[in-house]
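One structure is given below, encoded as structure tokens.
The values are calculated or read from the model by the stated rules, or taken from the named source; none is laboratory data. This is a predicted model, so every value here is computed, not measured. Please note: Cβ atoms are built from the backbone with ideal geometry, for glycine as well, and neighbour counts cover all protein chains shown. Please note that ligands, DNA and RNA were not included when accessible areas were found on the heavy atoms of the full protein model with its side chains. Shrake-Rupley method; radii C 1.70, N 1.55, O 1.52, S 1.80 Å.
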Amino acid sequence: MSAQPFVRLKNVTRTFDGGGGVDNLSIDIAKGSFTVLLGPSGCGKSTTLRLIAGLETPDRGRIEIGGRDVTAAGPSERGLSMVFQSYALFPHLDVAENVVFGLRVRGVARKERDKRLAEALALTGLEGLGDRKPGQLSGGQRQRVALARAIVADHPLCLMDEPLSNLDAKLRHSVRQEIRALQRRLGMTVVYVTHDQTEAMGMADQIVLLQKGRVEHMGPPAELYEQPATAFTASFIGSPAMTLIPAAALPHQFLPSSARVSELQLGLRAEDIELMPEGRGPLAATIVSSEFLGAETYVYLAVDGAPPLIARLPGRDERAAGQRVSLGWSPASPHWFDRESGKRITLSSDQTSSELVSQPAAV
Amino acid sequence: MAAASGSSQDAPPGFTMDQIALYQRRRQSLYGWMLAAPALILLTIFALIPTVTTLWASFYSKGTVRRPSAFNGLDNYTSLIHDPAFWTVVWNNALYAGITIPFSIAIALAMALWANASIPLRGVVRGAYFTPTMLPMIAAANIWLFFYTPGLGVIDSITGLFGLPPVNWLGQPQTALWSVIVVTIWKEAGFFMIFYLAALQTIPPDFKEASAIEGAGRFTYARRVLIPLLMPTTAFVFINALINSVKLIDHLFILTKGGPNNATKLILYWIWEMAFAYFDRPHAAAMTVLILLFLGAVAIFQFRVLDKRIHYR
């Protein structure tokens, strides 16, 4: 990948009277990458996508695509295609006409048009459906038509605005894989908006996590999961969410010796929590209920002096509700965040190691 | 009843079930007739019976004291067609419909597109466009009578500023029909705009954005997406405008009374004149039947041809 990013947003601001929008946003997107804009609703992810598409104009800042400043360019001059959440298929045109709509507008010759249409329909598995109207298709097929329309023009950049949100859960999973495979095969740069973190984790080369119009954390999925830059990132990525425990709830001997206890919070992933007999670990808890999911069991716990949390244990766990247990974790697993700013705090390993772990063999 | 219940006791249990099912079905159909009854009765009294009596009357001669009316077949129709006034009126009406329909539809669409955009004072703009529709026909005609007054009217006052001579807009055959046409377009465009405005609001903004990304300009978007999606509305408005064009009579009473020299005489006014001014009911009935045939043909055309080409969502 070249050093020069393919899409670049520089200090872009766009605010709306009713709230929302983005604030001083800077994002670099590499050529051929699959970038997911992720965040809760109202975080500005759709606004960012619309700014890249040219459907919104920034109040301040610059947008570059392929090294060219496109801040003032119209949507059609930016060499991109877009898949809308609603698919935006024209209901009065059949599938073929929907797909070649842009080619027809640009005056591509009939022969070329037919060739590209056939290719696009083959790539999206829509052969033989060319003369159907969108109203006669299933949700998944409509989604493919939108996809075919996006790839038929051969634009290097494709924007997708929550394209799977109208599909049922099962279909969503398979279409996710198909979109990813198609993107790799065609070498497209994809910018993909979603609020679903599993979708982002499963598809992205790079995730841009947004909150309140700002970048919360930008990086590959593994980095967001393993080294979340902020407490927000930590609690947004992963299911069940990471539990944040105020450091004050922990006994003194389990805290890093040098840190200012009141300003810290501890983040724990559900799968890092171990259940131990009462009195062995740093935190005492009561089992509230458990959920057996086949490969794993979620154990819901009420913790003394801290928010409730979920432990994710492999296989089947038969401990009864109401049982008192102790919680422990391995030395590498806790994440520390500043309570005020939510920023990640890196503690050198010797500060935390032995103190936090008590008899790991106990389970 | 007693006998029926007695026999059902003797019969196998399945038989009683059938009785209940039959009773239920009868109740359902009675219920259906009850629901249909008001419309059935009203339509019969006010549409079906008058249509049949009109058709009947059109086959009889005009009765006088000396010669009672007698069946004369299609005589009324042939004499109607041989009347030069018939062709004048039909031509007037064709011209009137041919101009008012496309113009009022085009203006309505343009106004709706404008009133649908995010412009300041949008409510005021919509209200202003709709005002002509809210005015009673007679009131509207009187306003325009004042506009058209030769020498003193608004139009002549303005053209007079440029030194143009006064024109008797409604009083001369060359301009009279056109003056009536203008009033109709003014009155109908605002009414049709409301339908277009409603239809425009059902078109998702995504379509506009999707076509913008695909490189379609405003004109291409209108031609390939907007107008096809508005076709159901256009068909509805077209049929309404067509029916209105053979129904126009109120304006003529105020503005021209069909003159000068039959220049503004339209079909319904002519029928009224025949029936109530000259008391020639049979010919009026024959003309009415011709209109009904024409409108029926239009309705068949709409259902058979137009509806298949229009995309209804």
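The mean number of partner chain beta-carbon atoms within 10 angstrom of a residue's beta-carbon across peptide A:104-116 is 1. Given their separation in residues at 0.36 nm each and the Cα-Cα distance between them, A:Asp338 and A:Ala295 gain 12.0 nm when the chain is fully extended.
Close Lys pairs in chain A (alpha-carbon distance under 25 Å; sequence gap of 8 or more, or different chains): 12. Could you name the aspartates and glutamates in cross-link range of B:Lys187, using Cα to Cα under 14 Å and dropping any fewer than eight places away on the same chain? The qualifying aspartates and glutamates are B:Asp250. Two decimals is fine: what is log10 I(q)/I(0) at q = 0.12 Å⁻¹ for chain A, from a Debye sum with one equal scatterer on every Cα and no solvent? Summing over Cα pairs of chain A leads to -0.94.
The A-B contact accounts for approximately 1800 Å² of buried accessible area, totalled over both chains at a 1.4 Å probe radius. Judged by the gyration tensor of its Cα atoms, with axes a ≥ b ≥ c, the stretch A:53-177 is oblate; a/c meets the 1.5 cut and b/c is at least as large as a/b. Secondary-structure-derived ellipticity at 222 nm for the protein assembly as shown, considering helices only, amounts to -14000 deg cm²/dmol, per-run term -39500 (n - 2.57) for DSSP H runs with n ≥ 4. Projecting label points 7 angstrom from Cα along Cα→Cβ for A:Glu223 and B:Ala110 puts them 5.8 nm apart. Within the accessible surface of the stretch A:170-275, defined with a 1.4 Å probe on protein heavy atoms only, the carbon and sulfur portion equals 50 percent. The B:Phe303 and B:Ile203 beta-carbon pair, evaluated with R₀ = 22 Å, returns a calculated FRET efficiency of approximately 0.35.
Under the simplified labelling scheme, the B:Tyr31-A:Asn166 pair shows an inter-label distance of 3.7 nm, with each label point 7 Å from Cα along Cα→Cβ. For chain B, the solvent-accessible area with a 1.4 angstrom probe is 59 square angstrom per residue.
Within the straight-line cut-off of under 17 Å between alpha carbons, the lysines reachable from B:Lys257 are B:Lys247, B:Lys265, sequence neighbours fewer than 8 places apart in one chain being disregarded. In this view, the solvent-accessible surface of B:Asp18, computed with a 1.4 Å probe and all protein chains in place, comes to about 100 Å². Across peptide A:86-99, the average count of Cβ atoms from other chains found within 10 Å of a residue's Cβ is 4.
So which DSSP H runs in chain B come out at 15 Å plus along the axis (Cα) with average Kyte-Doolittle of at least 0.0? Correct list, ordered by number: B:13-43, B:84-116, B:122-134, B:137-148, B:173-201, B:231-247, B:281-301.
Across chain B the C-alpha pair distances fall into 20 Å bins from zero in the proportions 22, 43, 24, 9, 1, 0 percent. The Cα atoms of the protein assembly as shown cover 128, 98, 52 Å along the three principal axes, with the biggest extent listed first.
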